Amino acid sequence: MPHTITEKILLKHTKAKDVHPGQFIDAKVDICLGNDITAPFAIEEFEKTGAKKVFDKNKVVLVPDHFAPAKDMKSANQCKILANFAKKYSIKNYFEIGRMGVEHALLPEMGLVLPGDLVIGADSHTCTYGALGAFSTGVGSTDLAAAMVAGEVWLKVPESMKFIFFGKLSKWVGGKDLILHTISDIGVDGALYQAMEFCGETIENLPMEDRLSMCNMAIEAGGKSGIIAPDKITERYERAIKNKSRRGIGKFYSSDKDAKYSKVKEYDVRKIEPLVACPSLPSNVKPASKLKDVTIDQVVIGSCTNGRISDLRIAAKILKDKKIKPGLRLIVIPATQKVYLEAVNEGLARIFVEAGGVFSTPTCGPCLGGHVGILAAGERAVATTNRNFIGRMGDPTSEVYLSNPAVAAATAIKGRIAHPDEVI
Amino acid sequence: MKNKMRIHKFGDDINTDDIIAAKYLNTTDRAELASHCMEHIDKAFAKAVSAGDIIVAGRNFGCGSSREHAPVAIKAAGVSYVIAATFARIFARNSINIGLPIVESKEASDRIRKGDSVKVDTKTGLVRNLTRKESYRFEKYPPFMQKIVKAGGLMNSIAKKKR
C-alpha cells in the first residue's frame with residue numbers, strides 16, 4: 001500500500017503491521033517535550049503513578065520558556081517544579097535560563113529532534129519540527145505524563161492534505177506569508193485532524209528557517225502536523241549543527257508517488273505579497289499594502305514562528321540607520337541564546353537599540369500575553385508571532401496583527417502597518 | 001442517568017485563550033482556573049455556571065494552545081458535557097484523557113437554544129432535547145477511546161496496561 005511520509009514515520013514507530021488514516025495506534029516517541037506551563041500538570045500526574053523513573057532520561061525535554069525568566073512568584077514556583085523534577089530523574093535536556101530558548105527554536109538548533117523522528121510536545125506549536133521531516137504534534141499535559149512513564153502516545157493516523165507551492169517568491173515574502181496565505185485559504189479549521197504536507201518547487205528552494213515558520217503554524221489551520229520531506233537543505237542544516245551528543249542526522253522519508261491525500265491544493269506564490277493576519281483569527285488575512293491606515297502602538301519581533309537569526313537579519317536590514325516612530329514600542333526577542341549571541345556579534349542588537357527598540361533575553365513572553373510587553377486597553381500591536389486571538393497579548397480590547405519580520409520592522413518605523421518597500 | 005442541566009451557548013472557533021487566559025496559567029489550582037473560565041468572552045460565565053450544566057458551541061471548539069488548563073477549568077466549573085459541531089484536536093484528546101465528556105454533533109449544536117432542557121445518553125449516542133421534543137444522534141467514541149474513558153482517563157489506562 002502506498003504511504004505518505006507521515007504514514008511511513010508512524011508505521012516505523014508502532015507495532016501495527018500497516019497503518020491507514022483513521023486507525024488508532026500506540027506509537028513510540030523519540031522525544032517528548034514540556035514547558036513551564038504544561039509540564040507542572042504532567043509532573044503531578046507522573047508522580048501520582050508512583051513511577052520510579054522516566055522511560056528514557058535522554059528523551060524527555062523540559063524548557064521553562066513561557067513565563068521565564070520567572071515573571072512572578074507563581075511562575076517561579078512553576079519553573080522550580082521543572083528544575084526539581086529534572087534533577088530528581090536525571091533529565092539531561094532541561095534548559096535553565098542561560099541555556100534556555102523558545103522551545104521550538106531551541107530543539108532543532110540543538111539537533112534534539114531529527115528527520116524521521118516521532119515527537120510529541122505539550123505545546124501546540126510542536127508541529128514546527130515537521131520542517132525537518134519529523135512527525136511532530138502538540139498534545140496535552142496528561143499525554144506528556146503518560147509518555148514520560150511509558151514512552152508511548154496514542155494517535156489516530158491522520159489523513160494528509162497536500163499543498164503544492166510553485167513559482168519564485170517576491171521580495172520580502174517568506175515562509176510566514178506562505179502559511180498565512182494557506183490558512184486564509186482553508187480557514188482555521190481547514191486542516192482539522194489532518195497532516196499538512198508542504199511541497200513543490202518553492203518549498204524545495206525554501207531555507208530551513210522559513211520551513212520552520214510554515215510548519216509552526218499548521219496548528220492555526222487546525223492541523224495535527226505540518227511536514228516537509230527532508231532534502232539537501234535539511235541535510236545541510238543537520239550537518240551544520242554542532243552538538244556532539246546528538247543521535248546523528250536522522251532518517252529521511254518521503255511520500256510515495258501514488259500516496260492518498262484527502263485534498264490537494266496548488267498555490268502560485270508569485271501572486272503572494274507580504275501579508276498580515278488581522279484580529280482576531282490567523283485566517284483573517286490581508287495584504288500589508290492594504291492596511292496602511294492601521295496605526296500601531298507596539299511591534300514585537302520574536303517567538304517560535306519568527307525569532308530566528310534569519311528573521312532578525314531581515315528586521316535589522318530594514319531598521320539599519322533608522323529610528324522607530326516616536327511613541328511606538330519595538331521589542332525584539334531572539335528566540336535562543338545562540339541567536340542572541342549571533343545578533344550581538346553581527347551588530348544586529350546595536351541596530352535595534354539605536355533604532356529605539358529593546359533587545360530582550362529569550363522568552364515566549366508577550367506572544368501569549370505573559371510578560372515583556374503586555375498591551376493596554378485599546379492598544380494595537382504588529383507581531384511576528386502566531387496567534388491574534390482576543391486578548392492574546394494583554395487587555396481583551398487590545399488587538400494583534402500577525403506579519404513577517406520585514407513588515408513588522410517597516411511598521412515600527414512608520415507607526416502604522418507598512419510594506420517594507422515604503423522604508424527601504 | 002439524570003442529565004438535566006442548564007445550557008451555555010458559545011459560537012465558532014472558541015479558542016483556549018478564551019476558555020482560560022494565559023495570565024492564569026501560572027497555577028494548576030483547579031478551583032482558581034474554574035473561577036476565570038471564559039473570562040475574556042463572557043465575564044458572567046464563571047459565576048453563572050453550576051454543576052451539571054452543558055456548554056453548547058459551534059465549530060472548532062478549543063482551538064489554539066494545547067493548555068490542558070482549558071478542559072480542566074471547564075470540568076472544575078462543574079460542566080457535565082461540552083457539545084460542539086466540531087472540536088479542535090488537542091482539546092478533544094485532552095478532554096478524553098482527563099475525563100471531560102465531549103459530544104460532537106452539528107445538529108445538536110445548531111438546534112439547542114439557551115433555556116432548553118437537554119439530556120445526553122452516551123450509551124445510545126443520543127442527545128435528547130426535552131424542550132423541543134427532538135433528538136440528535138452523535139458518533140460514540142471509537143472502542144480505542146472508550147477504553148481510555150472506561151479506565152477513568154489516560155493515566156489509569158496506562159497503569160492498567162503496565163500491570
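Within region A:5-266, antiparallel bridges make up roughly 20 percent of the DSSP beta bridges whose residues both belong there. Summarising the amide proton neighbourhood of B:Leu100: residues at separation of 5 or more, or on other chains, whose placed amide H is nearer than 5 Å comprise an empty set. Relative to the 2.2 N^0.38 Å rule of thumb, region B:26-65 has a C-alpha radius of gyration ratio of 1.28. Each part reduced to its alpha carbon centroid, region B:1-59 and region B:115-156 end up 19 Å apart. Summarising the amide proton neighbourhood of A:Lys260: residues at separation of 5 or more, or on other chains, whose placed amide H is nearer than 5 Å comprise A:Thr4. One equal scatterer on each Cα of region A:279-422, no solvent, Debye formula: the resulting log10 I(q)/I(0) at q = 0.09, 0.10, 0.14 Å⁻¹ is -0.22, -0.27, -0.55.
Segment A:Lys48..A:Lys271, full-extension length gain: 74.8 nm, with 0.36 nm per residue of separation and the alpha-carbon distance subtracted. A:Phe198 sits among other residues whose Cβ lies under 9 Å from its own Cβ, and their net charge, with Lys and Arg +1 and Asp and Glu -1, is +1. Looking at the protein assembly as shown alone, DSSP beta bridges between its own residues are antiparallel in about 25 percent of cases. The count of lysine pairs in region A:279-422 with alpha-carbon distances below 12 Å, taking only pairs 8 or more places apart or on different chains, stands at 4.
Going from the residue with the fewest nearby Cβ atoms within 10 Å to the one with the most, B:Phe144, B:Phe91, A:Phe95, A:Phe389 rank B:Phe144, A:Phe95, A:Phe389, B:Phe91.
Quick note on region B:31-93: its Rg to Rh ratio, both from C-alpha atoms and Rh being the Kirkwood radius, is 0.93. The string of couplings for region A:240-245 from the Karplus curve (6.51, -1.76, 1.60, θ = phi - 60°) is 7, 6, 9, 8, 5, 8 Hz, one whole number per residue in order, with x for Gly and Pro.
For B:His8, the residues 5 or more places off, or on other chains, whose built amide H falls under 5 Å of its own are B:Ile54, B:Ile55, B:Val56.
If only the Cβ of Lys and Arg carry +1 and only the Cβ of Asp and Glu carry -1, the dipole of region A:279-422 around its Cα centre is close to 180 debye. For the peptide A:386-392, the mean number of other protein chain Cβ atoms found within 10 angstrom of a residue's Cβ is 6. Less than 16 Å from a label point 7 Å out along the Cα-to-Cβ axis of A:Ala83: which backbone N atoms in region A:34-76 qualify, by residue? Residues A:36-37, A:40, A:62-76 qualify, since their backbone N sits under 16 Å from the label point. Working ranking of peptides A:154-165, A:259-270, A:60-71 by packing, defined as the average number of other Cβ atoms within 10 Å per residue, highest first, is A:60-71, A:154-165, A:259-270.
Basic side chains Lys and Arg get +1 at the Cβ, acidic Asp and Glu get -1 at the Cβ, and with that the dipole of region A:1-136 about its Cα centre reaches some 520 debye. Across region A:36-49, computed HN-Hα scalar couplings (Karplus, 6.51 cos²θ - 1.76 cosθ + 1.60, θ = phi - 60°) run 5, 8, 8, 5, x, 4, 5, 5, 4, 5, 4, 5, 4, 6 Hz from first to last residue, x flagging Gly and Pro.
Spherically averaged projected area of the convex hull of Cα atoms, region B:7-162: 8.9 nm². Look at the stretch A:361-368: the mean tally of other chain Cβ atoms within 10 Å of its residues' Cβ atoms is 1.
The calculated P(r) of chain A, using every Cα pair and 20 Å bins from 0, goes 28, 59, 12, 0 in percent.
Per residue of B:10-23, other chain Cβ atoms within 10 Å of the residue Cβ number 5 on average. Taking the charge dipole of the protein assembly as shown about its Cα centre, with +1 at Lys and Arg Cβ atoms and -1 at Asp and Glu Cβ atoms, the residue from A:Phe359, B:Met145, A:Met217 reaching farthest to the positive side is B:Met145.
No value in this document is a laboratory result; all are computed from the given coordinates. Remember, predicted model here, so these are calculated numbers, not experimental data. No Cβ is skipped: glycine too gets one built from the backbone with ideal geometry, and neighbour counts run over all protein chains shown.
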